[in-house]
Amino acid sequence: MIYAKEFFDLQLQFARRVSELGAMPLQVALLDYTNLYVRFVGDRQFDGDDPIWSTYLAGFRGEVDLGDWTYRFYLHRPHRVQPPSVIATFGCFAYAMGKPGQIRLHFHNTDGHRHGPLSAERSASRLSELTSLVHHVRSQQVAVKEVAGVSWLYNLTAYRRLFPESYAASATVAENRFRNMPLWGQFLNRHGGIRKDAVTAFARRVSDRTTMDELAQCFPLQPLAVSAPIEAFFEFYAQNPAARFGG
């Protein structure tokens, strides 16, 4: 999926405001307060000296329109769907290894159905995918005892209903996620375009704020960190009839 230019323009606007209020170079704000590094480089090392990142920054010297340069640079980079750390993918869900004994869930819309991936009409498919995922973990990752995740999606009832109650109930705000899609993804629709109302409201808030702390509160939805024992997942999907078939 290729994301719209407006998604990058929004992050550039935020980085400029961070640079102003935080009294830091724009290059630092772009690295630490946007998702650009991940989109361009593809890893999560956030190495300011990475050759790809350095090439992007070098374009500042000759470019009049930073937005155009940023988007052209993005279009020439591979568009990775999942982080390179992902172990296995099941439809819209994938998992990577976290700390010892833990897996971390990832979600990416790969459902081309006319209904949205989190719609009631597609919930059986999502449950089926998650059931397959945890069964795979049980057979292939026997040391895993816990499932964890971080995303703005955990604010949504349509997403939370796919998981055990104890998992959703554990949610706490994950702060300082400015570099990651678990924060920025809330501005995208399922086709890679922007959610215009959310973007407009966010941009207005950003321009009005006068401190760094206030900037962090501009996001409509905060990313939430969740976790629960994997046994809760086994029990939940075993008891949920919708998890036994695709919708």
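The values are calculated or read from the model by the stated rules, or taken from the named source; none is laboratory data. Everything numeric here is computed off the predicted structure, so don't read it as measured data. We place every Cβ from the backbone using ideal geometry, glycine too, and count neighbours over all the protein chains shown.
Summary table below
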{"quantity": "Qualifying residue in segment 173-194 (condition: part of a loop (DSSP other than H, G, I, E, B), hydrophobic (A, V, I, L, M, F, W, C) and surrounded by 13 or more Cβ atoms within 10 Å (Cβ to Cβ))", "calculated": "yes"}
{"quantity": "Listing of helices (runs of 4 or more DSSP H) fully contained in segment 14-60 that carry 3 or more residues being surrounded by 13 or more Cβ atoms within 10 Å (Cβ to Cβ), of a type in the set (A, V, I, L, M) and over 16 Å from the mean Cα position of the chain (by Cα)", "calculated": "26-33"}
{"quantity": "Criterion: assigned to a loop (DSSP other than H, G, I, E, B) and either surrounded by 14 or more Cβ atoms within 10 Å (Cβ to Cβ) or basic (Lys, Arg) (or both) - qualifying residue of ARG126, ARG114, ARG138, ARG122", "calculated": "ARG114"}
{"quantity": "Any hit, segment 19-26, residues being out of contact with any helix residue (DSSP H, G or I) (no Cβ under 7 Å at 6 or more places or on another chain) and either in contact (Cβ under 8 Å) with a residue 40 or more places away in the chain or outside the structural domain of ARG190 (by TED's automatic domain parsing) (or both)", "calculated": "no"}
{"quantity": "Condition met for PHE233 (at pLDDT 95 or above, touching a helix residue (DSSP H, G or I) at 6+ places or on another chain (Cβ under 6 Å) and part of a loop (DSSP other than H, G, I, E, B))", "calculated": "no"}
{"quantity": "Yes/no for THR70 being among the hydroxyl-bearing types (Ser, Thr, Tyr) and in a helix (DSSP H, G or I)", "calculated": "yes"}
{"quantity": "Residues that are part of a helix (DSSP H, G or I) and either crowded, with 16+ Cβ neighbours inside 10 Å or of a type in the set (Val, Ile, Thr) (or both), drawn from segment 73-93", "calculated": "PHE73, TYR74"}
{"quantity": "Filter result for SER85 (out of contact with any strand residue (DSSP E or B) (no Cβ under 8 Å at 6 or more places or on another chain) and either at pLDDT 95 or above or small (Gly, Ala, Ser) (or both))", "calculated": "no"}
{"quantity": "Selected residue (only one of GLU214, GLU146 is under 24 Å from LEU21 (Cβ atoms), among the acidic types (Asp, Glu) and over 15 Å from the mean Cα position of the chain (by Cα))", "calculated": "GLU214"}
{"quantity": "Of all residues making up segment 20-51, the number that are polar (S, T, N, Q) and over 18 Å from PHE219 (Cβ atoms)", "calculated": "2"}
{"quantity": "Given (1) in the same structural domain as PHE233 (by TED's automatic domain parsing); (2) within 30 Å of VAL144 (Cα to Cα), number of the condition ARG39 does not satisfy", "calculated": "(1)"}
